[in-house]
Every structure is written in structure tokens, then in C-alpha cells.
Amino acid sequence: MPPASTAAHTMINASLVELRRALDARQISSVELATLFLNRIAALDPQLNAFITVDRDGALAAARVADARIAAGEGGPLTGIPLAHKDLFCTEGVLTTCASRMLSNFVSPYDAHVVSLLKEAGAVSLGKTNMDEFAMGSSNESSFYGPTKNPWDITRVPGGSSGGSAAAVAARLAPIATGSDTGGSVRQPAAFCGITGIKPTYGLVSRYGMVAFASSLDQGGAFGASAEDCALLLGAMTGFDARDSTSLERPAEDYAAALAAPAAGKPLEGLRIGLPREFFAEGMADGVRAAVEAALAQYRALGASTVEVSLPNAKLAIPAYYVIAPAECSSNLSRFDGVRYGHRAAEYTDLADMYGRSRAEGFGEEVKRRILIGTYVLSHGYYDAYYLQAQRLRRLIAEDFKAALTQCDVIAGPTTPGTAWTLGAMADDPVQMYLSDIYTIAVNLAGLPGISHPCGFDAAGLPVGLQLVGDYFAEGRLLATTHHFQQATDWHQRRPECAR
Ligand code: GLN
């Protein structure tokens, strides 16, 4: 790509607050801004494969509307700001594929709640990002559209399942992006790509129009370079929605306002950070440990104290998750039968054969594996042995967090045991890949909010993420804690070569 002009380079790397200022001061129009990012996508995405669909015409039309609103003095913090949506959020008139052959021809007749909220806010959608098929995976390699590459090293995975969104933000193909997190799919790719990602409390973001994987765990989340950018995006995504039966009715919170530093003293004075003994015991790569320890020292320098806590049942999170999530997925994915929408086999003998062939052709290997496991654990005679037991473990895990959070305000640890692995490295070993979510999955089982922020690099130059977990509805605290860390450090401003 030819070197961008200094002005363009500044815009591409700007924070949302800076973009807002530039748009309001008419230093740049929303159409110009969208064009800058669309041109970057055209130049860089053939290599990264972060997008499944680029909606140039839709983006420019939305940007023109945003420019008119700005000119009229209307709109809010996101009016005219480009973003990208994970391709499991339904978008009216634009393909929503879930990175599956099954939905490769699906154009939704309606918008997901999150998508309509962001449209109303005036944000400009550039397109839909690549992901693991039906959000099942940790590497983006299960996509029907081919893997996304990590912008820090294109021989490596970006993490998953929201890897396209994370790679897009890291490579500055979009300033912010939406994602979803069932077992770590916002936090883990944020860690692998060196950006910030937050998964809120279960029920805070409506799941209406978000293609379902495991309904009791799925939750929409936000990606940005910084906590400040995530606060602005998340603030526009949350809100009660009667169409989602698990949507919570709560007064709106101003996450951006929650970032303000205290008038005097150290910004994190009095904050108690709990360090789960089990997370620091073993299994963490040396480079991850070193970066996380250094970040904790920085947290102490900012006034926080650290205290050891215990999550004795956290080790049971992966087995519990790999019963509950497949069980729910086997039920949710039964709707894809080739009848009303989605892929239908070209040739078949009768109705049952049509279902069978359409599903055999439409789903990839990992999705089939999960449907099989889920159907098995829910079947008569096995339900009590597996599914009910897993639900019991889930409660124990939630109780561990509850107890730990009486001793501290937030829980900290690595987001992932290692950094981004080489494409294909875990292709033949799904269980090894499942284990890479060891620190994130328990948080979904408990329904708690979690954030991952960059905290350094390993010896191979790959980003390391630190995860903070808070009590229910502690999003403001997680964002503020991260923000104060980011005010004192510059990890979140580091960019891969293609965005420097
Ligand atoms: N990696 C986990 C899985 O494969 C989590 C995925 C997610 O959060 N969507 O299920």
C-alpha cells in the first residue's frame, strides 16, 4: 500500500474522541472518513481476509446521512464514525453468513437490535467481518470463507471467534467493531490482536437478531483500540429490548463519563485486584507471565493493591462448557434445515434426504462435531449424567466468583495462556484449541463482565492481553480501570506494521 498522507494516517489511527472532534470541526466529512477506511480495506484485506462482505455503497449512503445530521447540529458521539459488524449480527439487505456455507446466501429482512441501535446513533457500517463458523472456534480457521490472518504476523491466527472484527480494528480497517462472546470470543481475539475488547454482563446487550450459538452464554461485545473507544461503542449497544427474553431492564449508563479520573490522588487508589491462585499456577507461557506481572506492577503503581483469591472450580469450566454449549447449539442449529432459508442441497430423494444432505453440505466439521456432542448429551439416559452435572458445575463456578469478589473489586489474570499460534497448528487437535480458552470460559458460565486489554508483547513480538473480570454490571469499573492503565502506558497505541 502506498504510504498514506500524514492527515489520512492521523485519521486512521485516531481515537473516537479525536474523530468526533475532527468531524464536528469539519476537518473531515463522514464520507471522506468512510472512504479512507474503505480504501484501506480494498488495499489490505485481500491479505488479511478480515471481512466477508464490504458494503461500500451502504457505507457511503449512511455517511452522507451522517454528514447532514452533523451539519444540522444533530447526532451523538458515534454519528459519522465508521465501524464493522461481526457477521452474525443480522443486517437488513446485506448478507449475514455466520461464516457458514449454510447461510452463504442469507440476506436478512431485518436488523439485529445492536445493528439498529448503532444505525440510529449514526454510526456507518463498512461491512461484515469474518469469524469462526457459527462462532464455534478460537482461531477463525473454521470459516467457510477461509481464515483471517493476524495483522501482527500473517502466518498466525487472529484468535476467534470474532477474529475478523479484532483483526480489522488492529489493522485499522475500522476504528471499532462489534463482536460476540460465548466462551471468550471477544476477549481472546482482542488479546491476540493487541486491542481492547469487552464482554458485558449477560443480558445487557440484546441478542435479538444475533444468530444463536449457545443462548445462555452468547453476549454481544465491543472492540476498540482503547477502553475509551470501547466505552463509547458499548454505551450505544446496550439497552432493554423486549424481543430478547433475557434482556435486562436497567437505566442506561454513561460508560464514557465513568472514565473520569478522581480529582486527587492516584487514579486507582483503593482498588483491590484479586489474583486467582489457579490462574497463575501453571500452563501460562513465559512471555505472557512476564507481561502480565509487569502490568500488575503498573497497576500497583497507580494505587491499586493486589490480593490472592481462589477459584477452585475454574478448572471445571472447560468440561462444563463443552457440554452446555454444544447442547444449546444442537438445539439452536436445528432450524437450519434447507427449507425456509439457507443452503439447500441441489439433489435429494425425499424430505428426510433433503434435510440430511442440506445439513451435511451446509455445515463444516467443527459445527457438526458440536451438534453431535450436543445431541448426545441431551439424549435420554445421558441427560442426567452430562447436562445436569454440567449445570451443577456452572453454579459452583458462579459461586466461586461471588466469593472471590467479596475479597476484591476486580479479578485480574492473563486473557489466554499463550499468544497467537501459527495457522493450522491446532487443526488436528480440537481439544488443545478448547483448552486455550481456560481463563475466559468461566466468566461466561457465571454471566459476569470481562475485558481484555493489551499489556505487552512476547519474545516473538506478539501481543499479550490482560483480562479483568468484575461483578455483575461492573462494566463502568472495568472500563475505567483499563482506561487509567492506558493513560499511563502505551501498549494500546502500538500498531502492527501495516498500520504504522
Ligand atoms: N472458543 C470457544 C468455542 O469454540 C468460544 C467461542 C465463542 O465465544 N463464541 O466455543
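Mind counting the residues in the stretch 41-56 that are part of a helix (DSSP H, G or I) and either among the β-branched types (Val, Ile, Thr) or more than 18 Å from the chain's Cα centre (by Cα) (or both)?
8
Quick one: how many residues across the stretch 210-247 are assigned to a loop (DSSP other than H, G, I, E, B) and open to solvent by less than 60 Å² (accessible area, probe 1.4 Å)?
17
Please list, ordered by first then second residue, the pairs with beta carbon atoms under 9 Å, 6 or more apart or interchain, first in the stretch 434-449 and closer than 13 Å to residue 402 by Cα and modelled with pLDDT of 95 or more, second near the ligand (Cβ under 8 Å from one of its atoms) and of a type in the set (A, V, I, L, M).
445/217; 447/217
Among the residues of the stretch 91-108, how many are surrounded by fewer than 24 Cβ atoms within 10 Å (Cβ to Cβ) and not polar (S, T, N, Q)?
Residues that pass the stated criteria total 7.
Which residue out of 117, 126 is closer than 28 Å to residue 70 by Cβ, assigned to a helix (DSSP H, G or I) and more than 15 Å from the ligand (Cβ to nearest atom)?
Every option except 117 fails the conditions.
Taking only pairs six or more apart or across chains, which ones have beta-carbon atoms under 7 Å, a first residue in the stretch 192-209 that is aromatic (Phe, Trp, Tyr), and a second residue that is in a strand (DSSP E or B)?
192/150; 192/463
For every residue, the table says whether it meets (1) within 10 Å of the ligand (Cβ to nearest atom); (2) in a loop (DSSP other than H, G, I, E, B); (3) touching a His at 6+ places or on another chain (Cβ under 6 Å); (4) among the acidic types (Asp, Glu).
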site	(1), (2), (3), (4)
134	yes, no, no, no
140	no, yes, no, no
160	yes, yes, no, no
169	no, no, no, no
173	no, yes, no, no
178	no, no, yes, no
197	no, no, no, no
205	no, yes, no, no
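For residue 415, which of the numbered conditions (1) touching an Asp or Glu at 6+ places or on another chain (Cβ under 7 Å); (2) open to solvent by less than 40 Å² (accessible area, probe 1.4 Å) fails to hold?
With respect to (1) touching an Asp or Glu at 6+ places or on another chain (Cβ under 7 Å); (2) open to solvent by less than 40 Å² (accessible area, probe 1.4 Å), residue 415 is out only on (1).
Would you please name the residue that is nearest to the chain's Cα centre (by Cα), looking only at residues in the stretch 180-195 that are among the hydroxyl-bearing types (Ser, Thr, Tyr) and in a loop (DSSP other than H, G, I, E, B)?
If we take residues in the stretch 180-195 being among the hydroxyl-bearing types (Ser, Thr, Tyr) and in a loop (DSSP other than H, G, I, E, B), then 185 is nearest to the chain's Cα centre (by Cα).
I'd like to check something: does the stretch 223-231 contain any residue that is in contact with a strand residue (DSSP E or B) (Cβ under 8 Å, 6 or more places away or on another chain) and within 16 Å of the ligand (Cβ to nearest atom)?
Yes, that holds for at least one residue.
So residue 464 clears everything in (1) within 16 Å of the ligand (Cβ to nearest atom); (2) touching an Asp or Glu at 6+ places or on another chain (Cβ under 9 Å); (3) part of a strand (DSSP E or B) except one condition, right? Which one?
For residue 464, the failing item is (1).
Across the stretch 420-457, what is the total count of residues that are in a loop (DSSP other than H, G, I, E, B) and open to solvent by 30 Å² or more (accessible area, probe 1.4 Å)?
The number of residues fulfilling the criteria is 8.
Is it the case that some residue within the stretch 399-411 is within 16 Å of the ligand (Cβ to nearest atom) and open to solvent by less than 10 Å² (accessible area, probe 1.4 Å)?
Scanning the stretch 399-411 turns up no residue that is within 16 Å of the ligand (Cβ to nearest atom) and open to solvent by less than 10 Å² (accessible area, probe 1.4 Å).
The values are calculated or read from the model by the stated rules, or taken from the named source; none is laboratory data. Quick caveat, the model's predicted, so the values are computed rather than measured. Quick reminder, even Gly has a Cβ in these numbers, built from the backbone with ideal geometry, and neighbours come from all protein chains shown. All accessible areas refer to the heavy atoms of the entire protein, side chains included, with ligands and DNA or RNA removed. Shrake-Rupley method; radii C 1.70, N 1.55, O 1.52, S 1.80 Å.
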